[in-house]
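Accompanying notes for the structure given below.
The values are calculated or read from the model by the stated rules, or taken from the named source; none is laboratory data. Worth saying up front: this structure is predicted, and the values here are computed from it rather than measured. Every residue, glycine as well, gets a Cβ built from its backbone with ideal geometry; the counts of neighbours run over all protein chains shown. Surface areas here come from the heavy atoms of the whole protein model, side chains and all, with no ligands, DNA or RNA. Shrake-Rupley method; radii C 1.70, N 1.55, O 1.52, S 1.80 Å.
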Amino acid sequence: MANKKVLVLNGPNLNMLSIREPGIYGNQTLEEINANIETYAKGFDISCDFYQSNSEGELIDRIHSVRENYDGCILNAGAYTHYSYAIFDAIKAVGKPFIEVHLSNIHAREEFRHTSVIAPACVGSIAGFGKNSYFLAVNAMKDILK
Ligand code: DQA
């Protein structure tokens, strides 16, 4: 398998991991999780770039960048997941595989988290496994990109 490039994109408040509600989101920082993802993905000959933003427009610009620069994208859109039609449209515009990821089980939490407006634009969704959600997404991506 040739080397593939994947963007791991994280949305609002995910820069606060380890500080933010650790009972829900865990004790590791985003940098630590990203380092683990990088190592895991290398085992499948996938190289990852990592980006986090709290702003919807910046996330959309990064999603657009997937069209020319990456084979696919693993996306935790944070709370934008639940209401950003602009992110849904951006994913649809790009025409590359996106996998939706959440650390927590959004279906077992507040009602407003039960809906993902971006899910229909993604190949699939993984939620509820902590940082393993990202590893499962890498695993799925490696088969999608085969
Ligand atoms: C989240 C779940 C979202 O509902 C929440 O707004 C987040 C994180 C998760 O990874 O579990 O910011 O995407």
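A Förster radius of 25 Å combined with the Cβ-Cβ distance from residue 64 to residue 108 puts the calculated FRET efficiency at roughly 0.15. Where a ≥ b ≥ c are the square roots of the eigenvalues of the C-alpha gyration tensor, would you call the range 90-138 rounded, which needs a/c under 1.5, or, failing that, prolate if a/b is larger than b/c, or oblate? Oblate, because a/c is 1.5 or more while a/b does not exceed b/c. Treating each Cα of the range 4-144 as an identical point scatterer and summing with the Debye formula, the log10 of I(q)/I(0) at q = 0.18 Å⁻¹ comes to -0.99.
Does the range 3-61 come out rounded, prolate or oblate, given a ≥ b ≥ c as the square roots of the eigenvalues of its C-alpha gyration tensor, rounded meaning a/c under 1.5 and, failing that, prolate meaning a/b above b/c? Please report the intermediate quantities before stating the final value.
Values: a/c = 3.60, a/b = 1.28, b/c = 2.81.
Verdict is oblate for the range 3-61.
Any idea what the relative contact order of the chain is, in percent, if you count C-alpha pairs under 8 Å spaced at least 6 apart? Over the chain, the number comes to 27 percent.
Sorting 113, 67, 62, 20 by solvent-accessible area of protein heavy atoms yields 67, 62, 20, 113, largest first, with a 1.4 Å probe.
Against the criterion of solvent-accessible heavy-atom surface with a 1.4 angstrom probe, 29, 115, 39 sort, most first, into 39, 115, 29.
For each pair in 92/131; 4/42; 4/96, compute the distance between the two Cα atoms and list the pairs where it is over 21 Å. Display every interim value, and only then the final one.
On the way: 92/131 26 Å; 4/42 10 Å; 4/96 13 Å.
Going by Cα-Cα distance, 92/131 fall outside the 21 Å limit.
In nm, what is the difference between 0.36 nm times the number of residues separating residue 47 and residue 83 and their Cα-Cα distance?
9.9 nm is the gain from fully extending residue 47 to residue 83.
Stretched out straight at 0.36 nm per residue, the stretch from residue 39 to residue 16 would grow longer than its current Cα-Cα span by 6.1 nm. Taking a ≥ b ≥ c as the square roots of the eigenvalues of the Cα gyration tensor, the range 62-146 is oblate, since a/c reaches 1.5 or more and a/b is not larger than b/c.
Within the chain, what whole-number % of the accessible surface is contributed by carbon and sulfur, with the 1.4 Å probe and all protein chains included in the calculation? Before the final figure, lay out each step's value.
Details: 3520 of 7010 Å².
Within the chain, the accessible surface is 50 percent carbon and sulfur.
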